Amino acid sequence: FVEGILVSSSWIWIVLATVIIGSLVRSPKIGASAGMALAVCGLLGTEYWLETVRTVGMVLVAVLLCAIVGIPLGIACGRMDSVWNVVRPILDAMQVVHAFVYMLPVIFFWSIGVVPGTMVTMVFALPPLIRLTNLGIRQVPEDVVEASRAFGASEYRVLTHVQLPLARQAVMTGLNQTLLMSIAM
């Protein structure tokens, strides 16, 4: 994704795509602001632009992989106490241990590069998404869940039509925190 699409594309096209996506997802003001920030990086020169694109691409890939792993794992933790009891100590270790401690074995086995950087970023940024998804699922009022079951909803339907919509704010907060921690890493 990073080398094939972002690096090979002209910075003007990426800036335009950012403006369009930002305008559609949030507002034209947000899209224009993000586009101007990327345009400044593009105007500073080719080398600066390549490093910017590689960094942005690595963050996007890390956040996407964290979402693919973290949201289902957070849902499983929120619905099953046994899964949460196994995952919680691992998340505690991931958050308590300093990033350089688990960065060294990754560098030793895979050297320095985009893939090891993405792996370390995922370890650093994954815990908030799992924890907040778990919290969002657990904070859905039990009477609402019981009412949907009483009306004959299957467990899949309870999850997709009751718990996930009511936990949406917590899940989105988890994605926000994962993005911020990925950028920080």
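Listed here are the residues, each with its yes/no results for (1) within 20 Å of GLN177 (Cβ to Cβ); (2) in contact with a Gly (Cβ under 9 Å, 6 or more places away or on another chain); (3) modelled with pLDDT under 95; (4) among the small types (Gly, Ala, Ser).
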{"residue": "MET58", "(1), (2), (3), (4)": "yes, yes, yes, no"}
{"residue": "GLY78", "(1), (2), (3), (4)": "yes, yes, yes, yes"}
{"residue": "VAL86", "(1), (2), (3), (4)": "no, no, no, no"}
{"residue": "LEU91", "(1), (2), (3), (4)": "yes, no, yes, no"}
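Each residue in the range 141-156 was checked for being open to solvent by 80 Å² or more (accessible area, probe 1.4 Å) and part of a helix (DSSP H, G or I), and 7 of them qualify. Do we find that ALA93 is in contact with a helix residue (DSSP H, G or I) (Cβ under 8 Å, 6 or more places away or on another chain), part of a helix (DSSP H, G or I) and either closer than 30 Å to GLY113 by Cβ or open to solvent by 70 Å² or more (accessible area, probe 1.4 Å) (or both) in this structure? So ALA93 fails the test. In the range 28-41, which residues are touching a Ser or Thr at 6+ places or on another chain (Cβ under 8 Å) and open to solvent by less than 60 Å² (accessible area, probe 1.4 Å)? Within the range 28-41, GLY31, ALA32, ALA34, GLY35, LEU38, CYS41 meet the criteria.
Note on the range 54-80: among residues that are among the β-branched types (Val, Ile, Thr) and within 12 Å of the chain's Cα centre (by Cα), the one that is surrounded by the fewest Cβ atoms within 10 Å (Cβ to Cβ) is ILE68.
Among the conditions (1) open to solvent by 50 Å² or more (accessible area, probe 1.4 Å); (2) part of a helix (DSSP H, G or I), ILE112 misses just one, which is (2). Scanning the range 96-109 for residues that are open to solvent by 40 Å² or more (accessible area, probe 1.4 Å) and of a type in the set (Val, Ile, Thr) gives VAL96, VAL97, VAL101, ILE107. How many of the residues making up the range 14-27 are farther than 16 Å from LEU60 by Cβ and exposed (fewer than 12 other Cβ atoms within 10 Å of the Cβ)? Adding up the residues that qualify gives 2.
The values are calculated or read from the model by the stated rules, or taken from the named source; none is laboratory data. Since we're looking at a predicted model, the values are computed, not measured. Methodologically, a virtual Cβ is constructed for each residue, glycine included, from the backbone with ideal geometry; neighbour enumeration extends over all protein chains shown. We work out accessible area using only protein heavy atoms, side chains counted, and drop any ligands, DNA or RNA first. Shrake-Rupley method; radii C 1.70, N 1.55, O 1.52, S 1.80 Å.
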